[in-house]
Every structure is written in structure tokens, then in C-alpha cells.
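As C-alpha cells, the structure follows; a few thoughts come after it.
The values are calculated or read from the model by the stated rules, or taken from the named source; none is laboratory data. Note that the coordinates shown come from a computational prediction; the quantities given were computed from them, not determined experimentally. Glycine gets a Cβ as well: all are built from the backbone with ideal geometry, and neighbour counts include every protein chain shown. Ligands, DNA and RNA are excluded from the accessible area calculation, which covers all protein heavy atoms including side chains. Shrake-Rupley method; radii C 1.70, N 1.55, O 1.52, S 1.80 Å.
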Amino acid sequence: MTNIGIIGAGPRGLSILERIVALSLSYQEEKINIIIFDPYLPGSGCHTLEQPDYLLVNTVAEQITMFADDSVTEAKNVLSGPTFYQ
């Protein structure tokens, strides 16, 4: 079994988690134990719930996703998923 710890479940940590899950599809015989260390809600990282309402994300919601897309040419097992808007 492989143990992996991810410190922080903000945007970067969730991107790392997505890549680990996608790449693990190529090694299904290997068991992976993932532990995420973060005192806050997953994904909050740079946009916490305590921020004022006037602080908006500076990107169109449909363009934000934690998933890789086909433009990432060297990524194995590209997984599609919802956008921030969805």
C-alpha cells in the first residue's frame, strides 16, 4: 500500500488529488491511502467563506475547474468533471 499525505485542500491540493486519482487508474493493482490535512473546508484555500461578498473570483465561473482537459498534452488519464458554475 502507498500512503500519500496532501497538506492543504485548497485549489492546489485538490488539483494534486485529481492527478493522483487519474494516474491511479493505470495502477489499479496498487492500493493507495490518501490523507488530506486541512482545518478548513475542501477547496476554500484562497476563497474562504469568511471573505466579504464583494470579493469575487476574477475568472468566469464556467472556466474554473479542478480537472485537467485535453489541452494538457502530457497528462495521462484525463478525467472530465464539472466546472465551478456547474
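The single condition among (1) open to solvent by 70 Å² or more (accessible area, probe 1.4 Å); (2) at pLDDT 85 or above; (3) not in a loop (DSSP other than H, G, I, E, B) that residue 34 does not meet is (1).
With the condition kept exactly as written, say whether any residue in segment 45-60 is surrounded by 13 or more Cβ atoms within 10 Å (Cβ to Cβ) and either modelled with pLDDT of 70 or more or within 18 Å of residue 5 (Cα to Cα) (or both). Looking for residues that are surrounded by 13 or more Cβ atoms within 10 Å (Cβ to Cβ) and either modelled with pLDDT of 70 or more or within 18 Å of residue 5 (Cα to Cα) (or both), one finds at least one in segment 45-60, hence yes.
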